[in-house]
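*Asks:* Just passing along the structure, written as structure tokens.
The values are calculated or read from the model by the stated rules, or taken from the named source; none is laboratory data. What you see is a predicted model, and the numbers here were worked out from it, not measured in a lab. Backbone-built Cβ (ideal geometry, glycine too); neighbour counts: all protein chains shown.
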Amino acid sequence: MQLTAAPIVRQPMHVVGAPGKTDFVRIYLASELNKSEYRTTLRHEQGHVWSAHNRRRPKEAIQELWVIACEMEIARTIYDQTDIDNINAPRSRLAGGYLPGSIKGLPDDVVLAEDIYEWLVTHPEQKPSMQCCGCGMGDGDSSDSEEIDGGAVSIAAREKLDSDERQKESQVAAEASYALLKNRTPSLTCAVDAALRVRIERERSYRRPSRRYDNVSLLPAGSISTPRPPLVEIFVDRSGSFTPQKTRMAEQRLKELLARYGSSIRSDVWFFGNGKLSDKDYGGGGDTPYQLIPAHLQSTKPKLAIIITDDDPVSDRIGQVDRSTSVICVPIGCDCTNLARVLRGTDVAQA
């Protein structure tokens with residue numbers, strides 16, 4: 001089992017800023033690293049975390065020399081020959097990294113970061129110029145601190161920042177999903193099912209007298225729940241704007257509707273066009289008498305009115321529909337209908 005000192009986050013190298021780095025809470029590795037480079041970089045960053053380089057820095061130490069000392073400690077205590085070969089490999093992304101012999105004159109028995117730092121202080125001319133991993137290795141006052149943007153921030157504070165960031169991202173995603181759902185065009189089946197979700201009605205009946213009164217001479221009607229298929233009226237456009245192709249499409253949607261719901265609804269089919277509304281399919285033609293539909297619905301008050309039509313213009317003064325009736329428009333040859341807007345109905349998706 002591979003031991004990991006901190007969660008590993010893969011990001012592009014231009015985001016990480018180096019092949020790898022750590023803030024001593026997480027380890028960040030460049031997503032471009034190959035298998036060999038990943039192995040060495042991971043061991044390197046784990047070495048920083050295991051060695052607690054962010055807490056071991058001597059007081060008033062020179063930051064640049066301390067970073068070099070930490071890099072050399074890892075090179076001399078963590079790296080094996082495979083890591084050295086990975087750094088020296090042609091076109092390696094780790095080229096320029098510290099190796100056990102990168103500081104000339106440094107005794108072989110000096111391996112701890114504190115000892116390497118003291119040696120560098122007394123031998124400033126031997127300070128190398130190599131590639132560092134970019135980790136923050138500042139001086140922390142406690143065992144749970146880390147260096148972020150030059151300031152010591154506790155792990156608890158960092159976790160709170162991460163939690164707030166995740167919560168913000170989740171809220172943005174939820175708002176985007178809500179906007180998508182709010183603006184989507186419902187399917188015909190979903191719209192009809194939503195309008196007919198209550199299919200059992202209560203009616204007044206003497207078969208179940210009310211028990212609210214003790215006076216036996218008065219027998220008020222009670223209420224009883226009975227399955228009663230809701231009334232659905234389907235209106236099919238037969239005006240002159242309906243081409244033979246549109247007519248075929250309308251007939252297909254009508255057939256699908258009747259087959260889909262069958263005996264679960266009471267349906268009446270009406271055809272309108274050429275100034276009239278009829279329960280017989282008369283072939284159509286002429287203008288589009290939209291004004292006859294709300295007038296008819298005011299008298300019948302069905303649970304649902306389904307109107308199969310196109311985007312013919314319609315006057316805003318054709319009349320309104322009772323609130324107890326839901327209006328669904330099925331667009332034929334268009335994406336939406338003008339009638340749905342005027343009657344405060346819903347256009348459904350073509351699919």
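*Asks:* Among the residues of region 302-326 satisfying the criterion of being touching a residue at least 40 places away in the same chain (Cβ under 8 Å) and assigned to a loop (DSSP other than H, G, I, E, B), which is surrounded by the fewest Cβ atoms within 10 Å (Cβ to Cβ)? Quick ask: steps written out before the conclusion?
*Replies:* Initially, region 302-326 is screened for residues touching a residue at least 40 places away in the same chain (Cβ under 8 Å), giving 302-310, 312, 326.
Now narrow it down to the ones that are assigned to a loop (DSSP other than H, G, I, E, B): 302-303, 310, 312.
Working: Pro302: 22, Lys303: 20, Asp310: 22, Asp312: 17.
The qualifying residue surrounded by the fewest Cβ atoms within 10 Å (Cβ to Cβ) is Asp312.
*Asks:* Can you pull out the strands (runs of 3 or more DSSP E) entirely within region 1-87 that have at least 1 residues that are assigned by TED's automatic domain parsing to the domain that holds Asp108, in contact with an Asp or Glu (Cβ under 7 Å, 6 or more places away or on another chain) and in contact (Cβ under 8 Å) with a residue 12 or more places away in the chain? Talk me through it step by step, then tell me what you get.
*Replies:* Details: elements: 8-11, 20-22, 27-30.
In region 1-87, 20-22, 27-30 are the strands (runs of 3 or more DSSP E) which contain 1 or more residues that are assigned by TED's automatic domain parsing to the domain that holds Asp108, in contact with an Asp or Glu (Cβ under 7 Å, 6 or more places away or on another chain) and in contact (Cβ under 8 Å) with a residue 12 or more places away in the chain.
*Asks:* Another question, if that's okay. Considering only region 272-315, state which residues are over 19 Å from Asn338 (Cα atoms) and polar (S, T, N, Q).
*Replies:* The answer is Ser278, Gln298, Ser299, Thr300.
*Asks:* Let me ask you something else. So, in region 327-351, how many residues would count as being among the aliphatic types (A, V, I, L, M), in a loop (DSSP other than H, G, I, E, B) and surrounded by 19 or more Cβ atoms within 10 Å (Cβ to Cβ)?
*Replies:* Looking only at that region, the number is 3.
*Asks:* Can you name every one of the strands (runs of 3 or more DSSP E) wholly within region 206-276 that holds 2 or more residues which are modelled with pLDDT under 85?
*Replies:* Once the strands (runs of 3 or more DSSP E) in region 206-276 are filtered for at least 2 residues that are modelled with pLDDT under 85, what remains is 222-227, 266-273.
*Asks:* Is it the case that some residue within region 292-301 is part of a strand (DSSP E or B), among the small types (Gly, Ala, Ser) and either exposed (fewer than 13 other Cβ atoms within 10 Å of the Cβ) or in contact (Cβ under 8 Å) with a residue 60 or more places away in the chain (or both)?
*Replies:* First pass over region 292-301, keeping only residues part of a strand (DSSP E or B): none.
For region 292-301, residues part of a strand (DSSP E or B), among the small types (Gly, Ala, Ser) and either exposed (fewer than 13 other Cβ atoms within 10 Å of the Cβ) or in contact (Cβ under 8 Å) with a residue 60 or more places away in the chain (or both): absent.
*Asks:* Considering only residues that are more than 20 Å from Asn88 (Cβ to Cβ), surrounded by fewer than 18 Cβ atoms within 10 Å (Cβ to Cβ) and within 29 Å of the chain's Cα centre (by Cα), which ones fall in region 27-57?
*Replies:* The answer is Ser31, and nothing else.
*Asks:* Looking for whichever is modelled with pLDDT under 75 and surrounded by 10 or more Cβ atoms within 10 Å (Cβ to Cβ) here; the options are Ile103, Ile116, Ile155, Ile87. Which one fits?
*Replies:* Going through Ile103, Ile116, Ile155, Ile87 in turn, just one is modelled with pLDDT under 75 and surrounded by 10 or more Cβ atoms within 10 Å (Cβ to Cβ): Ile155.
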